[in-house]
Amino acid sequence: MSGQRPEASFFDLGMNANWDQDQFSPEEKAAFDAWYNQFHGTGDLKLVPFVPFLMENLPRQFKDYRRWFTYVEASRDGVTLPFGVSVLLFLHLYVVIANERGILYEILASRRMGMSKAVVMDTIAYAFLSGGPAAINAVATLSDEYLKSWPNDAPSTYEWPADWVPNPAAFRSGMDLSTPELSAADVAALKAWHTAAHGAPPRHVDLWAKLHPAAYKTQRIRYERALGNALPAQLPPLYTLNVAAVRLQRDLMRSSILHAMRLGVKRHQVVQTLYWAFFYGGDLVMEAAGDAVGDLLEAWPS
């Protein structure tokens with residue numbers, strides 16, 4: 001039923017917390033230590049020092065935070081994000097904002113949930129578009145050795161929903177990728193793609209095509225080639241939505257939702273994505289997102 005606590009929340013695996021008690025019992029501390037070590041640790045909690053700090057100094061706030069996570073994952077009318085997609089949303093965000101520890105512990109969580117290395121690398125490649133060299137420096141600093149130790153062909157046990165499939169062609173405009181020269185046909189193809197994906201071409205297409213055409217086209221080529229054959233097509237617009245919400249980029253929030261909608265993402269899945277962004281901004285992000293996309297969400301059939 002709508003609003004119920006999820007029966008199978010990634011954030012509640014192995015837990016039996018008493019949310020009504022402010023303090024942690026020894027059993028609860030042991031369970032949380034085990035969860036973080038399983039999904040975010042390498043035999044200790046050095047990647048997540050906030051966890052023992054909060055349990056010791058702000059136990060009520062830590063419990064409220066963990067309980068909130070399980071409710072964000074709750075389904076509505078049978079609709080929810082695929083199990084554990086929050087891990088990839090955070091991985092993408094942490095690469096963009098250059099959170100070295102967060103990157104590694106979300107890579108660990110992705111693998112321990114059975115996701116493929118290719119999905120992780122597609123996520124990092126897409127984040128590079130928004131985070132630049134600082135983002136990849138952060139990946140390399142703590143995660144390079146671990147990624148090298150993860151065989152490219154290691155089997156994946158993660159099962160995506162049947163309708164969440166890779167589709168690199170969905171991000172191709174049809175412009176000529178063999179040359180940096182921006183032709184009138186390329187501009188027309190880009191406008192048509194944006195219209196199909198977002199409802200209308202953004203203002204920047206004509207502006208940057210006029211002011212620096214080759215640089216604009218090669219920037220676009222980077223986007224069109226960023227996604228491999230592993231990441232479901234529904235995830236990139238949700239990645240962009242999450243970062244746009246955290247950064248209070250209202251137009252980008254809106255265009256990301258329109259793109260997600262056209263790729264078959266359900267309204268509650270978009271709402272859940274926005275709630276993960278609220279974690280990094282609270283009321284400030286909630287207010288900006290409501291102003292930017294509230295009308296889209298209210299008009300969208302559930």
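The values are calculated or read from the model by the stated rules, or taken from the named source; none is laboratory data. Keep in mind that this is a model prediction, so the values were computed, not measured. Note: ideal-geometry Cβ built from the backbone for every residue, glycine included; neighbour counts use all protein chains shown. Areas reflect the complete protein model, heavy atoms only, side chains present, ligands, DNA and RNA absent. Shrake-Rupley method; radii C 1.70, N 1.55, O 1.52, S 1.80 Å.
Leaving out ligands, DNA and RNA, and with a 1.4 Å probe, what % of the accessible surface on the chain is carbon or sulfur?
Using a 1.4 Å probe with all protein chains present, the chain comes out at 54 percent carbon and sulfur.
May I ask which of Lys148/Lys191; Lys117/Lys266; Lys191/Lys266 have a Cα-Cα span longer than 32 Å here?
Lys148/Lys191
With the crude spin-label approximation of a point 7 Å out along Cα→Cβ, what separation in nm comes out for Asn16 versus Asp153?
4.4 nm
Calculate one ³J(HN,Hα) per residue across the stretch 114-122 by plugging θ = phi - 60° into the Karplus curve 6.51 cos²θ - 1.76 cosθ + 1.60, and present them in order as whole Hz with x for glycine and proline.
So the J values, rounded to whole Hz, are x, 6, 7, 4, 4, 5, 4, 5, 4.
What are the ³J(HN,Hα) values, in whole Hz, obtained from phi via the Karplus relation 6.51 cos²θ - 1.76 cosθ + 1.60 with θ = phi - 60°, for each residue of the stretch 220-228 in sequence order, with x given for Gly and Pro?
Whole-Hz 3J(HN,Hα) from phi for the stretch 220-228: 5, 4, 4, 5, 5, 9, 6, 9, x.
Taking a ≥ b ≥ c as the square roots of the Cα gyration tensor eigenvalues, with a/c under 1.5 meaning rounded and otherwise prolate when a/b beats b/c, else oblate, which class fits the stretch 219-269?
Oblate shape, in that a/c is at least 1.5 and b/c is the bigger or equal ratio.
If I fit a long axis through the Cα atoms of helix 250-262 and take the longest principal axis of the Cα atoms of the chain, what angle between them do I get, 0 to 90°, rounded to 10?
So the helix axis and the longest Cα principal axis differ by about 90 degrees.
In nm, give the distance between the simple-model label positions of Ser178 and His204, each being 7 Å from the Cα along the Cα-to-Cβ direction.
Simple spin-label model gives 2.9 nm for this pair.
Ranked from highest to lowest mean number of other Cβ atoms within 10 Å per residue, what is the order of the peptides 226-232, 115-121?
Ranking, from highest mean packing down: 115-121, 226-232.
With +1 on each Lys and Arg Cβ and -1 on each Asp and Glu Cβ, and nothing else charged, work out how big the dipole of the chain is about its Cα centre, in Debye to the nearest 20.
Once rounded to the nearest 20, the dipole reads 720 debye.
Under 8 Å for C-alpha pairs, at least 6 residues apart: give me the relative contact order for the chain, rounded to a whole percent.
17 percent
How would you rank 92-103, 251-262, highest first, on the average number of other Cβ atoms within 10 Å across their residues?
Final packing ranking: 92-103, 251-262.
Using the alpha carbons of the stretch 19-88, what is the convex hull volume per residue in cubic angstrom, as a whole number?
That works out to 104 Å³ per residue.
With n ≥ 4 as the cut-off for DSSP H runs, can you work out [θ] at 222 nm for the chain, using -39500 (n - 2.57) per run divided by the number of residues, rounded to the nearest 500?
The helix-only estimate for the chain comes to -20000 deg cm²/dmol at 222 nm.
Can you bin the stretch 256-302 into rounded, prolate or oblate? Criterion: square roots of the alpha carbon gyration tensor eigenvalues sorted a ≥ b ≥ c, rounded for a/c under 1.5, prolate for a/b above b/c, oblate for the rest.
Note, shape of the stretch 256-302 comes out prolate.
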